[in-house]
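See below for the structure under consideration.
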Amino acid sequence: MIEELIKKASAKSAKSTSKASSVVISSRLRLARNLRDCPFPNRADITQKREILSNIEAVLNHTSCMKKGNFFKMEELSSLERKVLVERHWISRELSEMEEGSAVSISSDQLCSVMINEEDHLRIQFIKNGFNLNALWKTVNDFDDLLEDKLPYAFSRKFGYLTACPTNLGTGLRASVMMHLPGLSISDNIEKVIRASNQLGLAVRGLFGEGSDASGHIYQISNQQTLGESEKDILDRLAGVLKNIIEHELNGRIKYYENNKEKLIDMISRSYGILQSAHLIDSDEAMNHLSFIRMAIDLGVLPEEFRRLIDFLFIEIQPGHIQYPDSNISFELRDIKRAQILRNNFKKLPSLNFDK
């Protein structure tokens, strides 16, 4: 059911020429919204959820970026298809576990997804490559205004936008940035960053959000507070902290390279050799090796033009993508297929050049 969408998304990612940052992989903004006079999804019965879904779908079908996109009801998707959508960050793990009355709408350019009847009636999110919080906010805000003209949002003058979870009250805005932090990780400084971020009201999570591991030294950092702050305040505060983390990460890489040059060269070389020749590899091992290849690009050991390929592979080697569309593929065959994909793509890379 989602095969054509995945083919288009993979082709788009593989051909992408957008500039990627050495530290920030992507930025995401998400708004939580609910409809006035309707019970929240966890309190609504199936008839109410279906009616809410139908009303939201009708509005989305008349917006320019969504009407030519894709609309999937959760009960019509297999568990594997849901897993692939989670790996693409189009839906949350929570939505993937829901059945009747829940759905997702994905825009034609795949930058926007709207989750319907997850924890809230609407979870509107936009994702773009790089560090794009302020530019992304204008896009999100314009789209939200468009929906608010057609849908009666639940809003309180005292509390702002009303949400199922009190932590989302107010603006309902969650801003997050996906960061590649190998310098802080291998120098054992990442825990300090996590503690400092938590003290500043930010959450630090793994690649797929809460409860996930930071495979490939990839972390998601987001705001936790939405009540009592404007959208500008939230974005400015998050951006300020992220700029400090970026500075610490870049300094950490330089310091580690200066103090452990041969060790780092060895880790990069081993990763390059394994990804180029392995015939059996699981996703965690592959992610960690890809992290060192991305770091090699940062150090000028490999050309910058291959950064997008590595970011592309971070998604393409995930378990769901390797399995799809064959849900019965064995674990061993999945690891064999992953290794084959990596070998084929690493043929495109030149030899490592440590003389620069």
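The table below lists the values:
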item: Computed E for Ser54/Glu332 - FRET, C-beta separation, R0 45 angstrom, nearest 0.05; result: 0.50
item: For segment 148-236: relative contact order, % (alpha-carbon pairs under 8 angstrom, 6 or more apart); result: 32 percent
item: Per residue solvent-accessible surface (Å²) - the chain, probe of 1.4 Å; result: 47 Å²
item: Relative contact order computed over the chain (Cα-Cα under 8 Å; 6+ residues apart), in percent; result: 19 percent
item: Heavy atoms of Asp282: accessible area, 1.4 Å probe, square angstrom to 10; result: 70 Å²
item: Backbone N within segment 74-95 under 15 Å of label point (7 Å from Met1 Cα along the Cβ vector); result: 74-86, 91, 95
item: Reachable lysines from Lys192, criterion Cα separation under 25 angstrom, eight or more residues apart if same chain; result: Lys243, Lys255, Lys261, Lys263
item: Contact order relative to length of segment 64-166, as percent, for alpha carbon pairs under 8 angstrom and 6 or more apart; result: 21 percent
item: Difference of contour (0.36 nm per residue) and Cα-Cα distance, Asp142 to Ala11; result: 44.4 nm
item: Pairs of lysines in segment 1-89 (C-alpha under 19 Å apart; 8 or more residues apart or interchain); result: 9
item: Label-point separation in nm, Ala135 to Ile254, each point 7 Å along Cα→Cβ; result: 2.6 nm
item: FRET efficiency, Ser64 to Asn244 (Cβ-Cβ, R0 22 Å, nearest 0.05); result: 0.05
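The values are calculated or read from the model by the stated rules, or taken from the named source; none is laboratory data. Since we're looking at a predicted model, the values are computed, not measured. Please note: Cβ atoms are built from the backbone with ideal geometry, for glycine as well, and neighbour counts cover all protein chains shown. When the accessible area is computed, the model is the full protein with side chains, heavy atoms only, and any ligands, DNA or RNA have been set aside. Shrake-Rupley method; radii C 1.70, N 1.55, O 1.52, S 1.80 Å.
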